[in-house]
Amino acid sequence: MHSYDEPVYLISVVAKVLNIHPQTLRQYEREGLIEPSRTQGRMRLYSQRDIDRIKLILRLTRDLGVNLAGVDIIMQLKEKIDAMQAEIDSLRQELEKASSHATIPSHRAMVAKNNYEIIIFEEE
């Protein structure tokens, strides 16, 4: 079995599986929507990740009527959201780790005056 990112499928196979013309795949590449790997002989090879991305593009264009410029914007926003979600998850893990080990040192005291202001006193 191949990994999700391993480029193994030829353009003809992908076109047949997705029931589209190979020229459509070439157009998606020209538009910058997909970026298949290339062999040394310059043949396009697609991974399962590429195929899933193409399926999303087809859903946006066929089912939702989005043009390719709109698809490009949607895909860029999706990538940004995915990156931000990964960062949020990382920060949550870091916060949980810090919270589980956190204690207030005896030389510090904390007083909360209201929801907007916290005063920290330190012994000198």
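Observations
- Residue in segment 41-56 that is among the small types (Gly, Ala, Ser) and at pLDDT below 95 present: yes
- Those residues of segment 12-44 which are part of a loop (DSSP other than H, G, I, E, B), surrounded by 11 or more Cβ atoms within 10 Å (Cβ to Cβ) and without any contact (Cβ under 8 Å) to a residue 24 or more places away in the chain, in sequence order: 34, 35
- Residues of segment 57-73 classified as in a helix (DSSP H, G or I), surrounded by 15 or more Cβ atoms within 10 Å (Cβ to Cβ) and among the aliphatic types (A, V, I, L, M), total: 5
- Pairs where the first residue, in segment 54-76, is farther than 23 Å from residue 10 by Cα and of a type in the set (S, T, N, Q) and the second is modelled with pLDDT under 95 and not in a loop (DSSP other than H, G, I, E, B), C-beta under 8 Å, 6+ apart: none
The values are calculated or read from the model by the stated rules, or taken from the named source; none is laboratory data. The structure presented is a predicted model; accordingly, all values stated were derived computationally and were not measured. Glycine gets a Cβ as well: all are built from the backbone with ideal geometry, and neighbour counts include every protein chain shown.
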